[in-house]
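The values are calculated or read from the model by the stated rules, or taken from the named source; none is laboratory data. Remember, it's a predicted structure, so these values are computed and weren't measured experimentally. A quick note on method: Cβ atoms are made from the backbone with ideal geometry, for glycine too, and the neighbour counts reach across all protein chains shown. These area figures cover heavy atoms from the full protein model, side chains too; ligands, DNA and RNA do not enter into them. Shrake-Rupley method; radii C 1.70, N 1.55, O 1.52, S 1.80 Å.
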Amino acid sequence: MARIVGIDLGTTNSLVAFMDGERPRIIPAATGARMTPSVVGLDARGRLLVGDAAKGQLTVAPERTVAEVKRLMGSAERVRLGERTYSPTEISALVLRALKEDAERFFGEAVDEAVVTVPAYFTDAQRQATKDAGQLAGLRVDRILNEPTAAALAYGLDHLDKEQTVVVYDLGGGTFDVSVLEMYEGVLEVKASAGNNRLGGGDFDRSLADWIFEEMERTHAVDARRDPRLRARVLSAAEEAKRQLSGSEAAIVSLGGIAVRGGAPVSFEVEVSRRTLEERIEPLVRSTLESVRSALADAKVEARGVAEVVLVGGSSRVPLVRRMVAELFGKEPRRGVDPDEAVALGAAVQAGLKTGAISAQTGIMITDVCPFTLGVEVSATAGSQIVGGMFSPIIPRNSTVPVSRTEIYATAGDQQRVVEVRVFQGDARMVRNNVFLGQYTVEGIPPGPKGSQKVAITFSYDINGILQVTTKVLSTGKEASITIDKSPERMSIEERTSSAARLDREWAPGRPAGAAASTLAAPTPAAAPPAAEAAAAPEGELLAAGKRRLAGLPAAQAAELGAVITALEQAMKAGDRAAVARHEARLTDVLFALE
Ligand SMILES: Nc1ncnc2c1ncn2[C@@H]1O[C@H](COP(=O)(O)OP(=O)(O)OP(=O)(O)O)[C@@H](O)[C@H]1O
Ligand SMILES: [Mg+2]
């Protein structure tokens with residue numbers, strides 16, 4: 001049986017897991033890390049870096065590094081890395097590719113299929129883009145799984161005998177999802193999901209960074225927002241402080257070299273209290289509770305009737321989040337489910353169900369829902385007036401999937417020969433307040449007075465959350481069907497082929513030795529950089545700056561700096577990009593601290 005891995009493609013971190021017998025297990029990266037930062041960058045030689053290596057250069061080279069690309073999935077936006085641009089799908093493909101290589105190194109054989117998770121609240125276009133990213137990375141993605149459903153699977157595997165209502169609250173780096181499930185006899189039935197695919201820990205960071213920007217401006221008259229590197233350093237310091245505040249009441253934010261005055265570097269230090277953070281993020285956390293209430297209402301479950309609240313996602317470690325969730329449910333959330341790993345482990349369980357690695361005797365089964373209402377735009381007559389832009393739902397939100405529903409519409413005008421089918425997702429009465437998914441034209445309608453011709457529109461929403469629309473002109477029996485995502489943002493086959501070739505060319509196999517499995521198609525080697533460019537590489541510059549600074553330092557400081565320099569030199573010699581990036585980042589910090 002071919003191997004299928006489970007992948008949690010996160011906004012901040014991504015993980016890959018597999019079924020090790022009857023248990024799901026995380027596959028570590030070559031560095032031993034269990035999570036790979038979802039960060040992609042170009043190194044000074046123009047080669048692509050993924051994961052820790054890219055994260056390491058986020059603050060030193062923000063202009064050629066990108067994080068949180070998941071937020072852009074399915075959009076037509078381009079991501080700039082230095083002089084080049086990429087689609088969000090391509091950037092995600094690089095992250096997936098790194099995970100694929102980790103899995104191949106781990107197994108010593110090729111891996112070409114994955115179950116990939118997405119936020120339950122991801123739209124059709126975002127799901128399609130995720131599938132495309134898999135394909136670009138050389139992974140078949142037949143199955144897309146909702147993140148909270150995956151977490152529920154990981155939890156459910158250990159509680160098969162229970163009969164209870166469970167809520168999974170997943171607050172990650174960039175998205176929020178909540179699902180309400182009924183468990184009985186090994187069946188996990190998702191009753192309702194809700195969420196916000198643009199809310200997560202990254203927003204907490206930005207909110208705290210805004211406070212730091214203001215403090216810096218007030219005390220030092222420095223506007224860090226205007227300098228991309230300083231801005232990136234503030235954001236990273238904000239994230240660090242936020243994490244510390246999960247464990248302590250106060251944290252110190254300390255940044256060296258925020259400006260140069262009279263030839264001397266200026267440094268900045270401020271203490272931030274947990275209270276300050278909580279005041280700022282409270283409205284964001286409150287908004288997640290609204291989604292929770294809405295999911296509970298749709299599932300017809302009372303907050304007090306929920307037996308277990310499972311918190312997943314790194315941001316669920318924020319004490320305010322735990323507190324507010326506990327208050328809503330009147331009980332402490334469950335501990336013992338790893339908030340970082342549950343989604344990836346659940347994806348592996350789903351992969352195991354697909355390959356049959358999980359035997360039928362285990363008896364676990366899961367059903368899911370479509371978390372939003374899907375429908376079309378219609379016109380309605382009000383007296384003698386025709387009002388356009390009205391939303392007519394076809395699939396109500398939280399229907400169990402797969403689901404297929406048909407509605408019949410009549411022509412709105414006399415002698416009407418075409419019908420424009422415009423598809424939307426949302427719950428607003430007017431389509432302008434919903435999310436546009438796509439459109440197409442039904443032609444060849446026999447002319448007649450208005451209302452005389454009828455068109456049946458069928459929506460089929462599959463287990464992966466992909467929508468297929470079929471229309472039938474009743475008088476002629478003529479049918480037409482499209483997968484909704486023929487959107488302009490979707491890559492064509494030619495684009496996919498050329499993009500895959502480009503990524504191959506630019507991919508830096510500079511991951512730790514042995515990372516590239518022999519079963520992979522050999523990437524076209526990147527052209528050797530011109531000597532001048534190599535010499536000007538920032539790693540060389542930074543190292544030289546470090547060595548210059550070493551002279552005349554007091555012993556204790558010289559020892560610290562010397563140790564970082566040695567580590568960096570060794571990593572450079574070994575060609576270990578991840579370590580180089582890490583030591584560079586440390587060297588930058590040490591140099592700043594010395595100023
Ligand atoms: N101890 C902590 N306290 C507060 N926040 C934390 C802590 N640890 C991690 N985080 C935050 O959790 C977020 C990352 O969580 P996670 O890895 O679950 O996200 P993700 O899966 O990448 O994102 P998503 O699921 O939204 O796509 C980051 O914003 C990080 O700052
Ligand atoms: Mg996540």
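Here residue 258 qualifies as touching a Phe, Trp or Tyr at 6+ places or on another chain (Cβ under 7 Å), free of Cβ contacts under 8 Å to residues at least 60 places away in the same chain and away from ligand 1 (no atom under 16 Å from the Cβ). Taking each residue of region 459-472 that is farther than 15 Å from residue 393 by Cα and looking for partners that are in a loop (DSSP other than H, G, I, E, B) with beta-carbon atoms closer than 6 Å, six or more apart or interchain, yields 462/402; 463/402. In region 562-592, the residue that is surrounded by the most Cβ atoms within 10 Å (Cβ to Cβ) out of those that are of a type in the set (Val, Ile, Thr) and touching a Leu at 6+ places or on another chain (Cβ under 8 Å) is 580.
Among the criteria (1) open to solvent by 10 Å² or more (accessible area, probe 1.4 Å); (2) within 16 Å of ligand 1 (Cβ to nearest atom), the one residue 162 does not fulfil is (2).
Would it be correct to say that residue 290 is of a type in the set (D, E, K, R), part of a helix (DSSP H, G or I) and either open to solvent by less than 50 Å² (accessible area, probe 1.4 Å) or not assigned by TED's automatic domain parsing to the domain that holds residue 458 (or both)? Yes: the conditions hold for residue 290. Taken over region 45-78, the residue count meeting the criterion of being touching an Asp or Glu at 6+ places or on another chain (Cβ under 7 Å), among the small types (Gly, Ala, Ser) and open to solvent by 30 Å² or more (accessible area, probe 1.4 Å) is 2. The set of residues from region 229-243 being free of Cβ contacts under 8 Å to residues at least 60 places away in the same chain and buried (at least 22 other Cβ atoms within 10 Å of the Cβ) comprises 230, 234, 235, 237, 238, 241.
Quick grid of which residues meet (1) of a type in the set (A, V, I, L, M); (2) in contact (Cβ under 8 Å) with a residue 24 or more places away in the chain:
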residue	(1), (2)
207	no, yes
213	no, no
217	no, no
226	no, no
245	yes, yes
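Number of residues in region 113-124 that are away from ligand 2 (no atom under 16 Å from the Cβ) and either surrounded by fewer than 22 Cβ atoms within 10 Å (Cβ to Cβ) or more than 23 Å from residue 397 (Cα to Cα) (or both): the value is 1. From the list 44, 76, 110, the one residue that fits, being closer than 17 Å to residue 579 by Cα and more than 16 Å from ligand 2 (Cβ to nearest atom), is 44. Meeting the requirement of 1 or more residues that are of a type in the set (Asp, Glu), the strands (runs of 3 or more DSSP E) wholly within region 76-129 are 113-118.
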